[in-house]
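One structure below.
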Amino acid sequence: MSLTRPKTPWAESPWVSGAPSPYYTKQSHIALREYVREWTEKHIPSELAIDFDKKGIATDQLYQQFAKDGFLIPFALGVTIPKKFHDLSGNLRLPGGVKAEEWDHFHDLILVDELCRTGSNAPMMANYGGLAYGAGPIVHFASDEMQKRYLPDLLTGRKRICLAITEPRAGSDVAGLGTTAERTPDGKHFIVNGEKKWITNGIYSDYFTTAVRTSGKPGDYSGITFLVIPKSEGLKTKKMEIMGGSASGTTYVTFEDVKVPVENVIGKEGEAFKYIMYNFMHERMTIVYIANRLCRVCLEDVVEHCKRRKAFGKPLMEQAVVRHKIAQMARKTEALTAWMEATVYQMSKLSIQEANVKLGGQTALLKAQATATIEYVANEAVKLFGGMGLTKSGAGERVEMIFREFKGLQIPGGSEDVMLDLGTRQALKLFSKL
Ligand SMILES: Cc1cc2nc3c(=O)[nH]c(=O)nc-3n(C[C@H](O)[C@H](O)[C@H](O)COP(=O)(O)OP(=O)(O)OC[C@H]3O[C@@H](n4cnc5c(N)ncnc54)[C@H](O)[C@@H]3O)c2cc1C
């Protein structure tokens, strides 16, 4: 077993730095980490991430590379890779040669963690965000026939998909959505009208897993239905420029009299609110993994910088105040990693349904912890870099990029304030049941 040794303290989770761990018990955890690390250095070096950030767009070439090397299967399927989906992928190879039956929650964590070592989550999100969240409802709730219709093209990269829930007037309050889907008189189609906003990967997508209202009114939890809507004349996309991570392809989508066959309903009509909540846990954990890695990238760059940079006749690292700041960043990051790994372990021992009940509130609080930690760490990192922390080139460029990107972790998948509230409510509910 071999692991790449970090160059600075805190640049890696303890287990990668050689500390014993009860979690990464399989040889395939190590094999996957090494494979994805090499793959990332080859196909998405930090320079490419910075280039994507400047241009605000990712390349299709990179998506096809992800497809060729088997990444789309775990992207779409998440934490378990049942055999039936492998048969639909036409490619039995997973990254790092991990066997399908061996793939677990820690492989999922390692995959996301290593892909974000560039110091940006945009190259990953530009390729992962749409598929992971858009295919999720098909994987978990669609009929076998529907899975056979969509998954072969999605798992092999021939087609792309995204998740379209949020609207200009309905974000945190999902039940407030008002995009309508009305049946045609012959009952064979829906006619969809409405707008969706901030849709990750929308500009890259061929299909839109869209939450529409088939009955009821905005504010009702029932009456929301998931439809897979193919790109067509009445479905228009417009790229939105955001403060960081633009290459993830944040998109404004409009539907004008878009005709969709009733066969494109995922699961049961009117029940999508339940499906939306079911998928949130994996999305939130992915955000935790990304935030944790970005904290470590900040620490890596800051430690190097403070050893090198001199002020008042000595390296910054020789100032007690500087060491104190780094200690604060490090202790918060280590605490985040520890809680994250403990939660992943707990999830790995429960079914998704059980985990949603028992760990739903905990993952909400963990997401809030992760985004509060990256906010603190990125802010301190920019200060320690001085002017270089604001400069889009040179030693501080990754820190500058992370400072703009972390807000893109704090708001999607449940805004930080909403997570704190949800975490408390869920804990009280669970406790009263116990
Ligand atoms: C980069 C990015 C990518 C995204 N990707 C997708 C995607 O792929 N698909 C998709 O459907 N959506 C996506 N979203 C939308 C995202 O899910 C919403 O932005 C998010 O749910 C918050 O909704 P909102 O922006 O409407 O804010 P609002 O709901 O208006 O909330 C604004 C603020 O009000 C406060 N607040 C609101 N409600 C409460 C409450 N109950 N308790 C305490 N405070 C509260 C919070 O501070 C919150 O941040 C994305 C957003 C961003 C920024």
* Search result, residues across region 14-33 that are under 21 Å from the mean Cα position of the chain (by Cα) and either modelled with pLDDT under 95 or basic (Lys, Arg) (or both) -> Arg33
* Structure fact -> Pro123 vs (1) under 21 Å from Thr59 (Cβ atoms); (2) at pLDDT below 95; (3) over 12 Å from the mean Cα position of the chain (by Cα); (4) buried (at least 22 other Cβ atoms within 10 Å of the Cβ): all pass except (3)
* For region 403-424, name all the residues that are more than 27 Å from Gly389 (Cα to Cα), near the ligand (Cβ under 10 Å from one of its atoms) and over 14 Å from the mean Cα position of the chain (by Cα). => Asp417, Val418, Met419, Leu420, Asp421, Leu422
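Arg425: in a helix (DSSP H, G or I), surrounded by fewer than 18 Cβ atoms within 10 Å (Cβ to Cβ) and in contact with a Gly (Cβ under 9 Å, 6 or more places away or on another chain), yes or no?
Here the answer is yes, as Arg425 does meet what is asked.
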* **Some residue of region 370-384 being in contact (Cβ under 8 Å) with a residue 12 or more places away in the chain, acidic (Asp, Glu) and within 16 Å of the ligand (Cβ to nearest atom)** => yes
* Looking at region 340-355, which of its residues are surrounded by fewer than 18 Cβ atoms within 10 Å (Cβ to Cβ) and assigned to a helix (DSSP H, G or I)? -> Ala342, Tyr345, Gln346, Ser348, Ile352, Gln353, Glu354
* Checking Leu390 against (1) buried (at least 19 other Cβ atoms within 10 Å of the Cβ); (2) more than 16 Å from the ligand (Cβ to nearest atom), which test does it fail? -> (1)
* Return a yes/no flag: does region 147-155 have any residue that is within 9 Å of the ligand (Cβ to nearest atom) and of a type in the set (S, T, N, Q). => no
* Structure fact -> Only one of Lys383, Lys367, Lys407 is under 20 Å from Glu341 (Cβ atoms) and out of contact with any His (no Cβ under 8 Å at 6 or more places or on another chain), namely Lys367
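Just one of Arg149, Arg183, Arg169 is of a type in the set (Lys, Arg) and outside the structural domain of Val260 (by TED's automatic domain parsing); which is it?
Working: Arg183 fails: outside the structural domain of Val260 (by TED's automatic domain parsing); Arg169 fails: outside the structural domain of Val260 (by TED's automatic domain parsing).
Testing whether each residue is of a type in the set (Lys, Arg) and outside the structural domain of Val260 (by TED's automatic domain parsing) leaves just Arg149.
Out of curiosity, is Gly136 near the ligand (Cβ under 9 Å from one of its atoms), in a helix (DSSP H, G or I) and touching a residue at least 24 places away in the same chain (Cβ under 8 Å)?
When the stated conditions are applied, Gly136 does not pass them.
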* Structure fact -> With criteria (1) among the charged types (D, E, K, R); (2) within 16 Å of the ligand (Cβ to nearest atom); (3) part of a loop (DSSP other than H, G, I, E, B); (4) touching a strand residue (DSSP E or B) at 6+ places or on another chain (Cβ under 7 Å), Lys159 comes up short on (2)
* Answer residue from region 92-132, given it is under 22 Å from Glu300 (Cβ atoms) and of a type in the set (Ser, Thr, Tyr) and is nearest to the ligand (Cβ to nearest atom) among those -> Ser120
* Scope region 63-84; condition more than 14 Å from Ala132 (Cα to Cα), outside any loop (DSSP other than H, G, I, E, B) and at pLDDT below 95; matching residues -> Lys68, Lys83, Lys84
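With respect to Glu334, is the statement that it is under 30 Å from Leu48 (Cα atoms), touching a helix residue (DSSP H, G or I) at 6+ places or on another chain (Cβ under 8 Å) and among the charged types (D, E, K, R) true?
no
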* Would you call Ile287 within 15 Å of the ligand (Cβ to nearest atom) and buried (at least 23 other Cβ atoms within 10 Å of the Cβ)? -> yes
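Pick out the one residue from Val258, Val265 that is of a type in the set (A, V, I, L, M) and under 29 Å from Asn356 (Cβ atoms).
From the options Val258, Val265, the qualifying one is Val265.
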* To do: Looking only at region 168-207, count how many residues are near the ligand (Cβ under 8 Å from one of its atoms) and of a type in the set (Asp, Glu).
  => 1
* Asked: Could you say whether any residue in region 196-206 is surrounded by fewer than 18 Cβ atoms within 10 Å (Cβ to Cβ) and without any contact (Cβ under 8 Å) to a residue 24 or more places away in the chain?
  -> no
* Structure fact -> Apart from one, (1) closer than 26 Å to Asp60 by Cα; (2) free of Cβ contacts under 8 Å to residues at least 24 places away in the same chain; (3) not small (Gly, Ala, Ser) all hold for Phe255; the odd one out is (2)
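The values are calculated or read from the model by the stated rules, or taken from the named source; none is laboratory data. The model shown is predicted, which means the values in this text are computed figures rather than measured ones. Because the Cβ atoms are built from the backbone with ideal geometry, glycine has one as well, and the counts that use them run over all protein chains shown.
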